[in-house]
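Before any comments, here is the structure.
The values are calculated or read from the model by the stated rules, or taken from the named source; none is laboratory data. Worth saying up front: this structure is predicted, and the values here are computed from it rather than measured. Methodologically, a virtual Cβ is constructed for each residue, glycine included, from the backbone with ideal geometry; neighbour enumeration extends over all protein chains shown.
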Amino acid sequence: MVKNLVIVESPAKAKTIEKYLGKDFTVLSSVGHIRSIVKKTKDGTPPIDVNNDFKTHYEVDPEKKKVVAELKKAAKSAKTIYLATDPDREGEAISWHLCEVLKLNPAETKRITYHEISKQAVEEAIKNAHHIDMNLVKAQQARQILDRLVGFELSPVVWQKVPGGKSAGRVQSPAVRLLVEREREIADFNGKSKFKVTAIFTHNENEIKAELPNRFDTEEEANGFLESLIGAKFTVSDIKTTPGKRNPAAPFTTSTLQQEANAKLGFGSKATMAAAQKLYQAGKITYMRTDSVNLSDQAIAATANFIKSEFGEKYSKIRKFKTKSSNAQEAHEAIRPTNINEVKGSSNDYDQKLYDLIRKRTIASQMAPAELEKTIVTIQVSDKSNFHFEAKGEVILFDGFLRVYNNQKDSEILPNIKSGDELNLNQATAKQTFDRPPARYTEGSLVKKLEDLGIGRPSTYATIIDTVQTRGYVKKGESEGIERDAIVLSLENDKISKNIVQEKTGADKGKLVPTPSGELIADFLTEHFSQIVDYDFTANVEEEFDAIASDKLARNAMLRNFYTPFHKLIEQSSNIDRTKVGAQREVGIDPKSGKPILARFGRFGPMLQLGSTDSNDKPIFAPMPKNAKIETVTLEQALKMFELPRLVGQTEDGQDIKANIGRFGPYIQIGKLFVSIKPEDPHTITLEKARELYTNKLEAEKAKNIADLGDGIKVLNGRYGPYITNGTKNVKIPKDIDPKKIDRIKADEMLAEAPTPKRRGRAKKTK
């Protein structure tokens, strides 16, 4: 008989907590959610009955049936049951689902919450056990029901009306709109260039770098100014010194952790949260989904003691940060280490980097401010009262928190000079600089923007960013930018020289860029379902979830207020003309056939079509040229695409090599083998290069092939380790089996025992 049963969400957490609680406690895991809304009910009633107070039908997830059976068995023999799922709405809902499935009374079953997995925190939680907060459960239900209703009703409209449309989400769609609007701001940006003048002066063999505050509009003006510097005198006319302080930032919330991990470590939101989850489950950090910057008194005291012992008394300054969000729960804490003295958080380098970031930010938040001295030296140009140079420097008098967490670049340290000193001009440069367009969003800056707008919550940011990429509405940019010319005028030894330098512009590598499909879906929803992509409306819905959680708003009333006008729009969507969704234009006439060439949207995005669908002849299709759009593609570009596939030549054994562009980019085809040739152009790739890529592909395939057992059955090396395949079914080979020793009989056995893979794709509807 189990004396005390504790049910947590993850197996990793279960092991840690069982170690803390001792032999009288058995700790089991639900492995996340155990139930979800059914796709179809047996009696034909809707999964969510909108006419019956949004009654929702749930079912145990098929892969969780074994877990549920084990939990039921343990619950029957347990004297006391503690539900210890995560301390947020999602965790509260999982506890409620466990009560429903295990036939437990929520009003009697004990619920425990903790914000760090430590012996003290878990034991304290057991002492202060409470019951399930049904208001939090109702708030989670409201979010899940709304998202499911939007998905159930809006996605079919998108499939039917939007070429290549996959689905639409209540929170993801505004995020796509944000990216589309930014991309169009960049496209419409018409920046100008100006000339920026910098100079290097010397004083007693010390160099001083300075800049002219003025900018010149033309090359002639810049050149004229440089000419005026020949023979001029340069005098220090003023030295202004200003003391200053810089305070540390607050400890991390979910949002700021994702932003900083992206900026400092290059981590995406999903990867950041995965690493944080592992650190939390290992008992190394506090709960990683929080919008509070609060630290407990114990954490503040422990951090202060560490700072004093490590750096000295003067480096310590106790701070209590106040969370700006009115919805933040101050009982929760910011993300911090559970033990500030522990330097090692994980044996995994990736997770350790995140732990270091969290630990240093926490320590810095309780340290003294940095004391700085900023200096501005004004250098007057003789006989040019309207012009002067400025040299700026900064000296750190006391490093304070910067000793642990330094975000700033090293500043120029100025030499010892005084007012009235004459300086020698070593070199002056006037460089053409261009106005910068608005910056594309990174994962970190998009999270910040969503938070500023009130869209989403700590538990949803990573999911939003992952979903829009998975759906193909957004991609990570890969371009290093294109080169443009910039004029540089240099004055040295009383002579002016002119050079043209190349610089990169328009780089989007690592940035979030909307795809043509993303632009199309954003435009469609803005026109026909404006409330779904309206920022204020989406933020207001989040606030209403918060109101349900604090028992200030009834769940069903909130759902009804959203659903009634939304459903009317769905009913009216049958009048939307599919042929008018998405841009389509005639690019020109093909000189060979006399047929029109159209640029339009297809199932996989923008494409070119040679010939009209109204004629008896079947149209020919081609992909859109790289970086071209429906609105901008030219006839010359389009004609070039219809030259593909191009015969590059033959392999050494006489097989044809054809170059083309497909859904996933440029490739060459040799027989049935396809080889990506990114970033090569299929119009210009040489035979030598094509043969090289083909040879590399064959070698890679050879290395992948461990054994060919006949009849299409092979033992291969895959991304996740060795496996057996027959072309339709794959079976992973366990670590204790040597893949080289698998024979045909063993392979047949393993394939027979493996489940048949589920068919993917949309089910056909029968009329």
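Residues that are of a type in the set (D, E, K, R) and out of contact with any Phe, Trp or Tyr (no Cβ under 9 Å at 6 or more places or on another chain): find the strands (runs of 3 or more DSSP E) completely inside the range 1-96 holding 3 or more of those.
Counting at least 3 such residues, we get no strands (runs of 3 or more DSSP E) at all.
Within the range 605-621, does at least one residue satisfy the condition of being in a helix (DSSP H, G or I) and either free of Cβ contacts under 8 Å to residues at least 40 places away in the same chain or farther than 30 Å from LYS55 by Cα (or both)?
There is no residue in the range 605-621 that is in a helix (DSSP H, G or I) and either free of Cβ contacts under 8 Å to residues at least 40 places away in the same chain or farther than 30 Å from LYS55 by Cα (or both).
Out of the residues in the range 445-470 that are of a type in the set (Lys, Arg) and in a helix (DSSP H, G or I), state the one that is nearest to LEU520 (Cα to Cα).
The selected residue is LYS449.
Just to confirm my filter: which strands (runs of 3 or more DSSP E) fall fully inside the range 471-554 and include at least 1 residues that are surrounded by 18 or more Cβ atoms within 10 Å (Cβ to Cβ) and on the phi > 0 side of the Ramachandran plot?
By residue number, no strands (runs of 3 or more DSSP E) qualify.
Pairs only if they're at least six apart or on different chains, beta carbon under 6 angstrom, first in the range 673-701 and closer than 26 Å to ASN717 by Cα, second of a type in the set (A, V, I, L, M) and assigned to a helix (DSSP H, G or I); list them, first residue then second.
VAL675/LEU693; ILE677/LEU693
Being in contact with a Pro (Cβ under 9 Å, 6 or more places away or on another chain) and either β-branched (Val, Ile, Thr) or surrounded by fewer than 17 Cβ atoms within 10 Å (Cβ to Cβ) (or both) is the filter here, so list the residues in the range 340-362 that pass it.
ILE358, THR362
Of the residues that make up the range 247-255, is at least one within 36 Å of the chain's Cα centre (by Cα), surrounded by fewer than 20 Cβ atoms within 10 Å (Cβ to Cβ) and of a type in the set (A, V, I, L, M, F, W, C)?
Taking every residue of the range 247-255 in turn, at least one turns out to be within 36 Å of the chain's Cα centre (by Cα), surrounded by fewer than 20 Cβ atoms within 10 Å (Cβ to Cβ) and of a type in the set (A, V, I, L, M, F, W, C).
If I ask for residues that are out of contact with any Ser or Thr (no Cβ under 9 Å at 6 or more places or on another chain) and surrounded by fewer than 13 Cβ atoms within 10 Å (Cβ to Cβ), which ones from the range 439-462 would you list?
ASP452
Among the residues of the range 655-713, how many are at pLDDT 90 or above and assigned to a strand (DSSP E or B)?
The number of residues fulfilling the criteria is 15.
Let me confirm something: among GLY649, GLY718, GLY665, which residue is under 27 Å from ASP748 (Cα atoms), among the small types (Gly, Ala, Ser) and either surrounded by 14 or more Cβ atoms within 10 Å (Cβ to Cβ) or in contact (Cβ under 8 Å) with a residue 12 or more places away in the chain (or both)?
Just one listed residue meets the conditions, GLY718.
Residues ILE285, ILE300: which one is touching a residue at least 60 places away in the same chain (Cβ under 8 Å), in contact with a Lys or Arg (Cβ under 8 Å, 6 or more places away or on another chain) and surrounded by fewer than 20 Cβ atoms within 10 Å (Cβ to Cβ)?
Criteria check complete, one pass: ILE300.
Pull out all pairs, ordered by first then second residue, where Cβ-Cβ is under 8 Å, the residues are six or more apart or on different chains, the first lies in the range 66-80 and is surrounded by fewer than 16 Cβ atoms within 10 Å (Cβ to Cβ), and the second is assigned to a helix (DSSP H, G or I).
That search, which allows pairs on different chains as well, returns LYS72/VAL101.
Please tell me if SER419 is part of a loop (DSSP other than H, G, I, E, B), more than 36 Å from the chain's Cα centre (by Cα) and in contact (Cβ under 8 Å) with a residue 12 or more places away in the chain.
yes
Any chance you could count how many residues in the range 9-45 are aliphatic (A, V, I, L, M) and either farther than 29 Å from LEU149 by Cα or more than 38 Å from the chain's Cα centre (by Cα) (or both)?
The total comes to 6.
Being of a type in the set (A, V, I, L, M, F, W, C) and touching a helix residue (DSSP H, G or I) at 6+ places or on another chain (Cβ under 7 Å) is the filter; apply it to the range 600-625 and report the residue that is farthest from ARG578 (Cα to Cα).
Among residues in the range 600-625 that are of a type in the set (A, V, I, L, M, F, W, C) and touching a helix residue (DSSP H, G or I) at 6+ places or on another chain (Cβ under 7 Å), the one farthest from ARG578 (Cα to Cα) is ALA622.
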